[in-house]
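Engineer: Pasting a structure here, questions to come.
The values are calculated or read from the model by the stated rules, or taken from the named source; none is laboratory data. Note that the structure is predicted; figures quoted are calculated from it, not measured. Positions of Cβ are backbone-derived with ideal geometry, glycine not excepted, and every protein chain shown enters the neighbour counts. All accessible areas refer to the heavy atoms of the entire protein, side chains included, with ligands and DNA or RNA removed. Shrake-Rupley method; radii C 1.70, N 1.55, O 1.52, S 1.80 Å.
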Amino acid sequence: VMDFDPEEKKRKVSVYSSVASLEWKETKLNLIDAPGLFDFATGVSEAMRAARTALIVLSAKSGLNVGSEKAYKAATKYGLKKIFFITKADSEHANCRDVINHLKEVYGNAICPVIIPHAVNHKVECYVNLVSGKTWRYENGKAIECERPDMGGKFEQMYNLLCESVATTSEELMEKFFSGEPFTEDELFEGLKTGVATGEIAPVYCGA
């Protein structure tokens, strides 16, 4: 949508930064679409100088790459809040869990999964919100709440990563985490909000 240059349309990738705006819950958001290829890293740097938050988009097939790493480093340099979005969750050979685990290896407790998919035969059946515990499937673009399926331990592993990250935001939550006491939904939400605001946490969302 935001690729306006003929070369961008031909390549199907962003070469220049472009700006668009949208409204969500009576709040206007200005989105700066910066080039993802590390060949055009200058565009990323320019965009981040004007932004408050960096949304770093990864592929569920290829995961973290040089461009993504440079974007994270630049966002840290400019003091931006950071969010990861893993897309192509419904593609063949996609594995959001592997990508999240790799992010965790690289960036430690900053990585905080929030929305994860449940896929069967490369088709996403539903998405799970780890904070609320609610599960959603989509029909014709509309979200419908449903029962969480058996995810073979994936939910528990990703939920533990969420709790580890949130625990770093306060001494009280850290003590509660190490005592094995479960967090409430409000505690998870507040910890997540605080961690993003301070830059301690980079939440991870998945989609297609």
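Engineer: Since TYR72 meets every condition but one in (1) open to solvent by 40 Å² or more (accessible area, probe 1.4 Å); (2) over 15 Å from TYR205 (Cβ atoms); (3) in contact with a strand residue (DSSP E or B) (Cβ under 7 Å, 6 or more places away or on another chain), which condition does it not meet?
Structural biologist: Going through (1) open to solvent by 40 Å² or more (accessible area, probe 1.4 Å); (2) over 15 Å from TYR205 (Cβ atoms); (3) in contact with a strand residue (DSSP E or B) (Cβ under 7 Å, 6 or more places away or on another chain) one by one, TYR72 breaks only (1).
Engineer: Moving on to the next point. Kindly provide the set of residues from the range 46-63 that are buried (at least 19 other Cβ atoms within 10 Å of the Cβ) and assigned to a loop (DSSP other than H, G, I, E, B), ordered by number.
Structural biologist: Scanning the range 46-63 gives a single hit, ALA60.
Engineer: Looking at (1) exposed (fewer than 13 other Cβ atoms within 10 Å of the Cβ); (2) within 26 Å of SER18 (Cα to Cα); (3) of a type in the set (Lys, Arg), which is the only condition LYS123 fails?
Structural biologist: That leaves (2) as the condition not met.
Engineer: Checking the conditions here, which among ILE201, ILE144 is more than 21 Å from LEU55 (Cβ to Cβ) and either touching a residue at least 40 places away in the same chain (Cβ under 8 Å) or open to solvent by less than 60 Å² (accessible area, probe 1.4 Å) (or both)?
Structural biologist: ILE144
Engineer: Additional query: Looking only at residues in the range 1-30 that are outside any strand (DSSP E or B) and among the aromatic types (Phe, Trp, Tyr), which one is surrounded by the fewest Cβ atoms within 10 Å (Cβ to Cβ)?
Structural biologist: Among residues in the range 1-30 that are outside any strand (DSSP E or B) and among the aromatic types (Phe, Trp, Tyr), the one surrounded by the fewest Cβ atoms within 10 Å (Cβ to Cβ) is PHE4.
Engineer: Quickly run through the range 68-83 and pick out the residues that are of a type outside the set (D, E, K, R), farther than 30 Å from GLU125 by Cα, out of contact with any Ser or Thr (no Cβ under 9 Å at 6 or more places or on another chain) and in a helix (DSSP H, G or I).
Structural biologist: Correct list: ALA71, TYR72, THR76.
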